[in-house]
Each structure stands twice: as structure tokens, then as C-alpha cells.
Amino acid sequence: MPNHLQVTLDKSTTPWCVDIDQSGNANHVSQSPNAQTITWQLTGNAASGSFVALTDPDPGFAWVGTPPPSGVFGSPALGANGNQLTISDLNNSSSTTGSWIYILRVSVGGVVYQSTATSLAATTSNPTIVNK
């Protein structure tokens, strides 16, 4: 199953925030002997933006709280035009299962927004990657 997550701006919050659509469990990664790719794509009202550079003091992708064990995830990589972000996920054993919270930061129209919400059955929560 591809792990493609669409990223937009949620304008119903103050301040606006980055919204990651996790519907259909797109954030769930099943076990596999091979590394799988998770892709975040800026779409809709965020399509003209870009992910904040990964080298910034407040990077475009960061783990929140307890990070995953070493070796589970590769380094995040920005696409050529900055509107796509990918990370590899090696979920190949019981020791690589778990749930990890992350934050995304994007720049749209010169304003930086960060994730605090996800679209998941009309609930608001921290965005997560779930290795099952």
C-alpha cells in the first residue's frame, strides 16, 4: 500500500496550521522485509508552498517526543521543487513497530505554518506514523 499523505492548510484554526490527511490509514505502514517510502505532498491551498528546509533551526520535518529507534527511518528528503517530502521506513520486525509523532513546517506566501492537526474522522490530533 502506498503511503502518500496530502498536506494542506487548515484555515479554520487560529493561527492557520498544516493539516495532514491521514484518512484511510495512509499513515500506517505494514511490516515488510524492504524499506517503504512515505511521501507528503503539498496540495490544494498549500500547493504553491514548499516544505521548510531540513537544515533550518526549525526544520520542515522533526520528531516530537520520543524518537523512533535508530535505523527504522531514513533521513527526510525534499523533492526538487520543495513541495514534496519523503522518508524511508524499514518496518521489518516487532522491534520496528510503534507510533511516532512528528511535526511538518511549510512556507506558503512567505509565512511559515506548522502541523498541529490531522484530518482523521473529523478529529484533531498530532500527526503520526504508525508501524504495525
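Accessible surface of the chain, 1.4 Å probe: 52 percent of it comes from carbon and sulfur atoms. In the context of the full protein assembly, HIS28 retains an accessible surface of approximately 40 Å², using a probe radius of 1.4 Å and ignoring ligands and nucleic acids.
Working ranking of peptides 55-63, 13-21 by packing, defined as the average number of other Cβ atoms within 10 Å per residue, highest first, is 13-21, 55-63. Within the set (1) 44; (2) 55; (3) 20, the number that percent of Cα pairs over 25 Å apart takes when calculated for this structure is listed as (3). Per residue, the chain exposes 50 Å² of solvent-accessible protein surface, assessed with a 1.4 angstrom probe and all protein chains in place. Considering only alpha-carbon pairs that sit under 8 angstrom and 6 or more positions apart, the relative contact order computed for segment 4-89 is 30 percent.
The values are calculated or read from the model by the stated rules, or taken from the named source; none is laboratory data. Being a predicted model, the structure only gives us computed values, none of them experimental. Here the Cβ is made from the backbone with ideal geometry for all residues, glycine too, and neighbour counts use every protein chain on show. Protein only, heavy atoms only, side chains kept; ligands, DNA and RNA dropped before computing areas. Shrake-Rupley method; radii C 1.70, N 1.55, O 1.52, S 1.80 Å.
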